[in-house]
1. Taking amide hydrogens as modeled 1.01 Å from N in the peptide plane, which residues meet the under 5 Å criterion relative to Lys56, leaving out close sequence neighbours?
2. From the phi angles alone, apply the Karplus equation (6.51, -1.76, 1.60; θ = phi - 60°) to the range 50-61 and give each ³J(HN,Hα) in whole Hz, x where the residue is Gly or Pro.
3. May I ask you to evaluate 6.51 cos²θ - 1.76 cosθ + 1.60, the Karplus curve with θ = phi - 60°, for each residue of the range 105-112 and list the ³J(HN,Hα) values in order in whole Hz, giving x for glycine and proline?
4. What net charge is computed for the residues neighbouring Ile40, neighbours being all others with C-beta under 14 Å from the C-beta of Ile40, Lys and Arg scored +1, Asp and Glu -1?
5. Report the net charge of residues surrounding Arg77, where surrounding means a beta-carbon distance below 9 angstrom and charges are Lys +1, Arg +1, Asp -1, Glu -1.
6. Which three numbers, in whole Å and largest first, are the semi-axes of the equivalent ellipsoid of the range 44-137 derived from its Cα gyration tensor as √(5λ)?
7. Considering only Asn140, Ala124, Pro96, whose Cα is most displaced toward the positive end of the charge dipole of the range 93-163, charges sitting on Cβ of Lys, Arg (+1) and Asp, Glu (-1)?
8. Residue by residue through the range 130-136, which ³J(HN,Hα) values in whole Hz follow from phi under the Karplus form 6.51 cos²θ - 1.76 cosθ + 1.60 (θ = phi - 60°), with glycine and proline marked x?
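Only the coordinates and a few stated rules stand behind these numbers; no lab work does. Just so we're clear, the structure is a prediction, and the values are computed from it rather than from any experiment. Every residue, glycine as well, gets a Cβ built from its backbone with ideal geometry; the counts of neighbours run over all protein chains shown.
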Amino acid sequence: MNRLTGILSITLVLCFSMALSVHAEHQGPLIAGWLEVVIISPWKLRLRAKLDTGAKTSSIHATHIEKFKRDGRQWVRFQLPQGKFKKAVAIIAEMPVLREVAIKRHNLDPVIRPVVELGFCIDAHFYRAEFTLSDRSQFNYPVLLGRRFLKDNILVDAGKIFMHNDRKKMRKCIDSALQQQAKDDPQASSK
């Protein structure tokens, strides 16, 4: 009887701890390495991202940035990298400007950059974040995820990289997000 009680107790403790870990996975922030792969919506661009707790704002590599007015609002047209980001720029995007930010630079005047909202997946998790548009060709990674985004969404394990690099999960995530967007805004999918 004692042995059966011990086995039953161990089984209950294991089941309870497994239930807590599953619950925590869905309730708390994702734990990710300092480098991860993201897929940018709606273009399904697969890019490397540096998760940088030293940067306040997220940023994405963009070139040929042009501001213009549409329906009385400020918009921006830009090119995004496709493939190896330093070698090919192929996708032209147009998005509303949420705001502009002054980016501080060491021993130089601040530079004003437009900010847009982008959706993206890391593993099976879909997020939305504000990104400054910037030529990041002098950097190693086309995407930088900063503190504003990280603080509520991701804990960074500075000793790890590419913890969430499952292509099937990421494709499923981005496809689900695009399907949901089409349901929420049928006109957006016809543009």
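1. Residues meeting the amide H criterion: Arg147.
2. With the stated coefficients, the range 50-61 comes to 9, 8, 10, 6, x, 9, 7, 10, 6, 8, 9, 5 Hz.
3. 10, 4, 6, 9, 5, x, 10, 8
4. Details: positive: Lys44, Arg46, Arg48, Arg128, Arg136, Arg171; negative: Glu36, Glu117, Glu130, Asp175.
Net local charge, Ile40 excluded: +2.
5. Numbers: positive: Lys67; negative: Glu66, Glu94.
For residues surrounding Arg77, the net value is -1.
6. Working: eigenvalues 79, 65, 44 Å².
Semi-axis lengths for the range 44-137 are 20, 18, 15 Å.
7. Highest projection toward the positive end goes to Asn140.
8. Running phi through 6.51 cos²θ - 1.76 cosθ + 1.60 with θ = phi - 60° gives 8, 10, 7, 9, 8, 6, 9 Hz.
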